Amino acid sequence: MGLALVVGPAKAGKIARLLEGFLEAIDRDPVLIVPNRADVERIERDLIQRSGALLAGAIGTFDDVFRELTMAGADARQVTSDAQRALVARRVLSRTALNGLGRSARFAGFADSLLAVLGELESGLLDPEQLDGDLALLYAAYREELDRLGLWDRDLLRRRALERLRTDLDAWDGRPVFAYGFEDLTGAEWGLLEALSARTELTVSMPYEPGRPAFASLRKTQEDLAALASDGIEELPARAGEYGHAALAHLERHLFADAAPEGPPLEGAVRFFEGAGARGSLELVAESIRELAADGVPLSQVALVVPAVERWRAPLETVLGTLGIPFAVEGRIRLGQTPYGKALLSLLRFEWQQGGRRELYAFLRSPYSGFARANVDFLEGRLRGRGVSARETVEEETIRLRDGQPLPPLDALRRAPGPLEAVREIGASMLRYAHGLDAPPVGEASRADLRAYDTLTRLLDELEGWRALGGDLAFDEILAALEHAQVRLGSAGERGRVAVLDVSRARTRRFDAVYLLGLEEGTLPRRSNPSPFLDDDARGELDRRAGARLTRPDPVERERYLFYTACTRATRRLTLVREAATDEGSPREPSPFWDEVAALFDPEEVRRATRRRPLSQLTWELEAAPTERERLRALALLAAREPDDAEAIASANGWERRLRRARG
């Protein structure tokens, strides 16, 4: 029994060491804890490649281990979904008299912030009695409401699992445990590792090297684990052979060092892209990806790492989609940000929140309404011409213009026995109208709609469960639940697709080529978002009194570590990408992290490795344009300089009408 700690820099073989230990202990049904759900399948494939088959053992996240421990107990409760948890918080806010936070509680984001801090408090194994003020009142009321409903949330489940592991000798049967990828442990996660180390053999790996600035944010976690490491600490050395070029190994060894030796020649292994605006930057990336694909690099071995997926999703769809480069975004977006969700919410806002012409016609114009677009444009044009926009008249006038025919979606909403049944019926009909019933839906748009529909049906099931518990549901609460529902976008590593993932999700992956975007001042390092309920002083005090592990690492140190991990994901080529100017032409300064990498190599080498795309080059040369759309843009630009040549090219390709429209 006891904890064995394995540490070392990136690509030192830490995970491989754990996997070897897991397979050596396979006869004892070991447990491997991984950081994210997306890592489970990847690790399973890796283990099968090593062993040929897996007939024992379990691979999962911390949540899987907590759930296994809890559900084996006699007092297990049903666990709330995110939607049900939000409804509990709304009930608490409506019933609790507040003092200092009373004004803030009226705003829509207050409940979201409250849920986030309640999760932290529960993960820190804190009770309401250990707090004070309005937060203590809200926390106590939240816990009382869960008890009244006979429910646990995710963090209460974790707490109960830890209590059982500490007090019940039968809670763990001696299976060895292996864990990796955890830099910041919550109080519950730390308690689990501490309890397991007293019950079985526990092996934990984490990235760390003493004294290196890149790992400064991990120092406390490493010191705490080292204090438990009765089986010793194994420090793995750096392995330069894991990198396809000496420049990448040099970057890993000396990034953020106070004094670094002169770097080796770059030779294309590390490159720098500077573009005007998001489009210019991404077009440089797209050109480079096409070159890699032409050289035989699989697209699944190419990754775009971004500070925040949501900020880059739309530009990526515009540029990569236009150039025909398939990609998969790993992450989630709100249902209302999908085309399917936008249309559904527009219809519901018209019906349930007294919406007007804008809401109704936003739905009718969509492919999910069952109406022909030309017919909808005609109807809306007539209403605009008459100045009809209020709810009282827009439906009546639309029906009159349709010769008295009613609007089937509104009829379906009104005749359903209840609001949840209405949304379920409308949601299914929207898919039928958009994709038909003659053939299975195929293509990227169909995949996105099916994911959104799956999210919708799961949410409606959760709300039905809430109703079964005796909870009532107002129209506004259903809309709020729909607006907050999260749709899975995809997963990195999909065959034939470039992976797009957040910088915090990249740290356990490996790719041939990595493009690290957003290296402008103010974008990376990212600004921290302090909690309105718990400031740093309050967190520190709770840590001192209760060991809650609420104190956050220094934000700049944390960003340094994430940048280090992103840079070390590449085995053959790393490209740093920044916007040198905004879309309007205003200059932007590079991130200090950009300068840190550039300083590791000879300035002349860096200059030769830098590719730029100014605003004046945001249109392709006609001969090099990769798609018809880009060729038409290039032709429109040519027409401004050489109109006769442009008209001749347009005539030869049947583009005369398009050219006239582009020229106005």
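Figures for the structure shown
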{"quantity": "Tally, over region 511-534, of residues that are modelled with pLDDT under 90 and open to solvent by 50 Å² or more (accessible area, probe 1.4 Å)", "calculated": "6"}
{"quantity": "Hey, LEU114 in contact with a Lys or Arg (Cβ under 8 Å, 6 or more places away or on another chain) and either assigned to a helix (DSSP H, G or I) or under 26 Å from ARG239 (Cβ atoms) (or both) or not", "calculated": "no"}
{"quantity": "Any hit, region 497-504, residues being among the hydroxyl-bearing types (Ser, Thr, Tyr) and touching a strand residue (DSSP E or B) at 6+ places or on another chain (Cβ under 8 Å)", "calculated": "no"}
{"quantity": "Candidates LEU47, LEU87, LEU55, filtered to the one that is aliphatic (A, V, I, L, M), open to solvent by less than 20 Å² (accessible area, probe 1.4 Å), at pLDDT below 95 and over 30 Å from LEU151 (Cα atoms)", "calculated": "LEU47"}
{"quantity": "From VAL514, VAL503, residue being under 22 Å from VAL34 (Cα atoms) and in contact (Cβ under 8 Å) with a residue 12 or more places away in the chain", "calculated": "VAL503"}
{"quantity": "Scope region 293-302; condition open to solvent by less than 20 Å² (accessible area, probe 1.4 Å) and in contact with a helix residue (DSSP H, G or I) (Cβ under 8 Å, 6 or more places away or on another chain); matching residues", "calculated": "VAL302"}
{"quantity": "Unique match (being of a type in the set (Ser, Thr, Tyr), surrounded by 14 or more Cβ atoms within 10 Å (Cβ to Cβ) and touching a strand residue (DSSP E or B) at 6+ places or on another chain (Cβ under 6 Å)) among THR70, THR80, THR61, THR96", "calculated": "THR80"}
{"quantity": "Residue that is farthest from ARG90 (Cα to Cα), among those in region 466-507 that are acidic (Asp, Glu) and not in a helix (DSSP H, G or I)", "calculated": "GLU494"}
{"quantity": "Of all residues in region 613-664 being at pLDDT 75 or above and within 38 Å of the chain's Cα centre (by Cα), the one that is surrounded by the fewest Cβ atoms within 10 Å (Cβ to Cβ)", "calculated": "PRO614"}
{"quantity": "Those residues of region 560-607 which are part of a helix (DSSP H, G or I) and free of Cβ contacts under 8 Å to residues at least 60 places away in the same chain, in sequence order", "calculated": "LEU562, ASP595, PRO603, GLU604, ARG607"}
{"quantity": "Residue match in region 321-338 (condition: among the charged types (D, E, K, R) and part of a helix (DSSP H, G or I))", "calculated": "no"}
{"quantity": "Region 1-39, subset among the charged types (D, E, K, R) and closer than 21 Å to ARG507 by Cα, residue most open to solvent (accessible area, probe 1.4 Å)", "calculated": "ARG37"}
{"quantity": "Test: residue in region 430-444 that is free of Cβ contacts under 8 Å to residues at least 40 places away in the same chain, within 27 Å of the chain's Cα centre (by Cα) and exposed (fewer than 13 other Cβ atoms within 10 Å of the Cβ)", "calculated": "yes"}
{"quantity": "Out of ALA198, ALA238, ALA249, ALA216, sole residue that is of a type outside the set (Ser, Thr, Tyr), free of Cβ contacts under 8 Å to residues at least 40 places away in the same chain and open to solvent by 10 Å² or more (accessible area, probe 1.4 Å)", "calculated": "ALA249"}
{"quantity": "Strands (runs of 3 or more DSSP E) completely within region 1-61 that count 2 or more residues being over 23 Å from the mean Cα position of the chain (by Cα)", "calculated": "2-8, 31-33"}
{"quantity": "Whichever residue in region 303-318 is open to solvent by 10 Å² or more (accessible area, probe 1.4 Å) and of a type in the set (A, V, I, L, M) and, among such residues, is farthest from VAL500 (Cα to Cα)", "calculated": "ALA314"}
{"quantity": "Filter result for the condition that a residue is of a type in the set (Asp, Glu), surrounded by fewer than 16 Cβ atoms within 10 Å (Cβ to Cβ) and either more than 19 Å from ALA216 (Cβ to Cβ) or without any contact (Cβ under 8 Å) to a residue 12 or more places away in the chain (or both), over ASP537, ASP554", "calculated": "ASP537"}
{"quantity": "Residue within region 253-272 that is outside any loop (DSSP other than H, G, I, E, B) and more than 27 Å from the chain's Cα centre (by Cα) present", "calculated": "yes"}
{"quantity": "Pair list, Cβ under 7 Å, 6 or more apart: region 517-528 residue part of a loop (DSSP other than H, G, I, E, B), other residue among the aliphatic types (A, V, I, L, M) and open to solvent by 10 Å² or more (accessible area, probe 1.4 Å)", "calculated": "PRO525/VAL556"}
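The values are calculated or read from the model by the stated rules, or taken from the named source; none is laboratory data. Nothing here was measured: the structure is a model prediction, and the numbers come from that model. Don't worry about glycine lacking a Cβ; one is built from the backbone with ideal geometry, like all the others, and counts go over all protein chains shown. Protein only, heavy atoms only, side chains kept; ligands, DNA and RNA dropped before computing areas. Shrake-Rupley method; radii C 1.70, N 1.55, O 1.52, S 1.80 Å.
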